[in-house]
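Structure first, then comments.
A short reminder: the numbers here are calculations on the coordinates, not readings from a lab. Note that the structure is a prediction, hence the values are computed from the model and not measured. Counting neighbours? That spans all protein chains shown, and the Cβs are built from the backbone with ideal geometry, glycine included.
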C-alpha cells in the first residue's frame, strides 16, 4: 500500500528539510517514512522534531516514554507507531512482555501503570479527565511534572498517530502484531 500523502526522498531533499533529515539520520541511522511524510510541510516536521526532542529531556525515562507511545498508539489504532515504538521500546530496555503490557495500559511498576492509564483517560476523554483519574495518578506517586509530560506525550503521539492514519504511511519497521495475534 502506498502512502496517501507522498513521502520526500532524502536524496532529493533540499533546504531546511535536508538539514532536518540529516539530524534524524544521525540520531536513528535512517530517515523513517513518518519523517519523509512530515517533510511535505517543513514547518510540521520541524515542530514535531522540536516537541518530541524537548520532551525527551523531561523527567520521564526513555522506557516510560516508549510505554506511553505504545498505549497511546494502541488507543488510536496506529499500526505504524505501534511498529516503530515496539522496536524503539526494545532499544529502551523493554522486553516483549513489557511491550505487550504497555499496549494494554499495564506495567510491572504500579506508578508506570497509573501513568499509562492516565494517558488512556486523556486520550479517551480528549483531556477532560475526571477528578478521580487525576487523583489516582497522583496517589500512585506521579508528580505534577510527570502528569504534564504525560499530556505532552499524548499530544505528540496523537499528532504522529493521526498523520500516519491519514497518510496510511508505509510501515518501514518490523510490523507489530495486532493485540489478538500477540496474545494468542
What are the residues in the range 6-39 that are more than 23 Å from residue 90 (Cβ to Cβ), within 20 Å of the chain's Cα centre (by Cα) and not in a helix (DSSP H, G or I), if any? 7, 39
Checking 75, 98, 44 in turn, the sole residue that is closer than 30 Å to residue 29 by Cα and within 15 Å of the chain's Cα centre (by Cα) turns out to be 75
Wholly inside the range 104-184, helices (runs of 4 or more DSSP H) that include 2 or more residues that are crowded, with 19+ Cβ neighbours inside 10 Å are 110-125, 144-167
Going by what's in this entry, would residue 63 be described as outside any loop (DSSP other than H, G, I, E, B), within 30 Å of residue 118 (Cβ to Cβ) and out of contact with any strand residue (DSSP E or B) (no Cβ under 7 Å at 6 or more places or on another chain)? yes
Hey, among 145, 167, 119, which residue is under 17 Å from residue 59 (Cα atoms), in contact with a helix residue (DSSP H, G or I) (Cβ under 9 Å, 6 or more places away or on another chain) and in contact (Cβ under 8 Å) with a residue 24 or more places away in the chain? 119
